[in-house]
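Here is the structure we will look at, set down as structure tokens.
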Amino acid sequence: MHEWGRYELGRRLTPSLREREIVIDRTCARCGCEYEWGVHVMTFAGKAGLTHEQTASLVHGGPGDLCWTSERERLLILAVDALHEHSDIDDALWTRLAASFDDLRILDLLLLCGWYHAVSFAARAARVPHEPGAPRFADVLPSAG
């Protein structure tokens, strides 16, 4: 049983910058929100240490891509994908997440994914114009070979 009854969402999230950006970028990509994805990639991808291959994978690939060598990072992508596709995380994936992340970090990741799902819906529906210099999905096509 999780003791989340006293949880408060705040500005200080437990995931690292890299973990947050993986969740945010994957969520925005899965929602088709090039605007928010582009702003985050332009602003945070370098600071989070995401490579071109990883950025491309978050849009066009998946957790099985060779650029993901960390099980924790593959789990983040799997969690975002599960939430996007099923609005849930099955017991098997939850068990794997719980082996790598504590309850508070998992809850922060779930809420972060949900927040950027909402942001993506709003930005797409409002037809928010792309920021100058922000990348587009086509700018990070996977490398051939």
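Within region 16-55, how many residues turn out to be among the small types (Gly, Ala, Ser), surrounded by 20 or more Cβ atoms within 10 Å (Cβ to Cβ), farther than 23 Å from Phe101 by Cα and over 10 Å from the mean Cα position of the chain (by Cα)? Write out each step before concluding.
Our first condition is that a residue be among the small types (Gly, Ala, Ser); within region 16-55, this holds for 16, 29, 32, 38, 45-46, 48-49.
Then drop every residue that is not surrounded by 20 or more Cβ atoms within 10 Å (Cβ to Cβ), which leaves 29, 38, 45, 48.
In the following step, the residues that additionally are farther than 23 Å from Phe101 by Cα were identified as 29, 38.
From what is left, the residues that are over 10 Å from the mean Cα position of the chain (by Cα) are 38.
The number of residues fulfilling the criteria is 1.
Does region 59-74 hold any residues that are buried (at least 17 other Cβ atoms within 10 Å of the Cβ), outside any loop (DSSP other than H, G, I, E, B) and out of contact with any Phe, Trp or Tyr (no Cβ under 8 Å at 6 or more places or on another chain), and which are they?
Of everything in region 59-74, just one residue is buried (at least 17 other Cβ atoms within 10 Å of the Cβ), outside any loop (DSSP other than H, G, I, E, B) and out of contact with any Phe, Trp or Tyr (no Cβ under 8 Å at 6 or more places or on another chain), namely Glu73.
Suppose we filter Leu141, Leu107 for residues that are surrounded by fewer than 12 Cβ atoms within 10 Å (Cβ to Cβ), touching a His at 6+ places or on another chain (Cβ under 9 Å) and not hydroxyl-bearing (Ser, Thr, Tyr); which single one remains? It would help to see each step written out before you state the result.
Numbers: Leu107 fails: surrounded by fewer than 12 Cβ atoms within 10 Å (Cβ to Cβ).
Being surrounded by fewer than 12 Cβ atoms within 10 Å (Cβ to Cβ), touching a His at 6+ places or on another chain (Cβ under 9 Å) and not hydroxyl-bearing (Ser, Thr, Tyr) holds for just one of Leu141, Leu107, which is Leu141.
Quick test of your reading of the structure: Ala134 fulfils all but one of (1) in contact with an Asp or Glu (Cβ under 7 Å, 6 or more places away or on another chain); (2) touching a residue at least 60 places away in the same chain (Cβ under 8 Å). Name the failing condition by number.
Against the list (1) in contact with an Asp or Glu (Cβ under 7 Å, 6 or more places away or on another chain); (2) touching a residue at least 60 places away in the same chain (Cβ under 8 Å), Ala134 comes up short only on (1).
Does at least one position in region 102-109 carry a residue that is in a helix (DSSP H, G or I), in contact with a Cys (Cβ under 6 Å, 6 or more places away or on another chain) and under 20 Å from Cys31 (Cβ atoms)?
At the first step, the residues of region 102-109 found to be in a helix (DSSP H, G or I) are 103-109.
Among the residues that remain, those that are also in contact with a Cys (Cβ under 6 Å, 6 or more places away or on another chain) are: none.
No, region 102-109 contains no residue that is in a helix (DSSP H, G or I), in contact with a Cys (Cβ under 6 Å, 6 or more places away or on another chain) and under 20 Å from Cys31 (Cβ atoms).
Give the residues of region 121-134 that are touching a Phe, Trp or Tyr at 6+ places or on another chain (Cβ under 8 Å) and assigned to a loop (DSSP other than H, G, I, E, B), sorted by residue number. Reasoning before the result, please.
Of all residues in region 121-134, those touching a Phe, Trp or Tyr at 6+ places or on another chain (Cβ under 8 Å) come to 123-124, 128-131, 134.
Once the filter is applied, which keeps residues that are touching a Phe, Trp or Tyr at 6+ places or on another chain (Cβ under 8 Å) and assigned to a loop (DSSP other than H, G, I, E, B), region 121-134 yields Val128, Pro129, His130, Glu131, Ala134.
Taking only pairs six or more apart or across chains, which ones have beta-carbon atoms under 6 Å, a first residue in region 45-71 that is within 13 Å of Asp25 (Cα to Cα), and a second residue that is basic (Lys, Arg) and surrounded by 21 or more Cβ atoms within 10 Å (Cβ to Cβ)?
Leu58/Arg26
Take the conditions within 24 Å of Ser16 (Cβ to Cβ) and either modelled with pLDDT under 95 or in a helix (DSSP H, G or I) (or both) and apply them to Trp94. Does it pass?
Working: within 24 Å of Ser16 (Cβ to Cβ): yes; either modelled with pLDDT under 95 or in a helix (DSSP H, G or I) (or both): yes.
In short, yes.
Kindly list the number of the only condition in (1) in contact with a helix residue (DSSP H, G or I) (Cβ under 6 Å, 6 or more places away or on another chain); (2) among the acidic types (Asp, Glu); (3) exposed (fewer than 14 other Cβ atoms within 10 Å of the Cβ) that fails for Asp90.
For Asp90, the exception is condition (1).
Within region 64-112, track down each residue that is of a type in the set (Gly, Ala, Ser) and under 14 Å from the mean Cα position of the chain (by Cα). Can you show your working first?
Keep residues of region 64-112 that are of a type in the set (Gly, Ala, Ser), which gives 64, 70, 79, 82, 87, 92, 98-100.
Answer for region 64-112, where residues must be of a type in the set (Gly, Ala, Ser) and under 14 Å from the mean Cα position of the chain (by Cα): Ala79, Ala82.
Which one of the conditions (1) surrounded by 11 or more Cβ atoms within 10 Å (Cβ to Cβ); (2) on the phi > 0 side of the Ramachandran plot does Arg127 fail to meet, given that it meets all the rest?
Unmet for Arg127, out of (1) surrounded by 11 or more Cβ atoms within 10 Å (Cβ to Cβ); (2) on the phi > 0 side of the Ramachandran plot: (1).
The values are calculated or read from the model by the stated rules, or taken from the named source; none is laboratory data. For clarity, every value in this text was computed on a predicted model and none was experimentally measured. Note: ideal-geometry Cβ built from the backbone for every residue, glycine included; neighbour counts use all protein chains shown.
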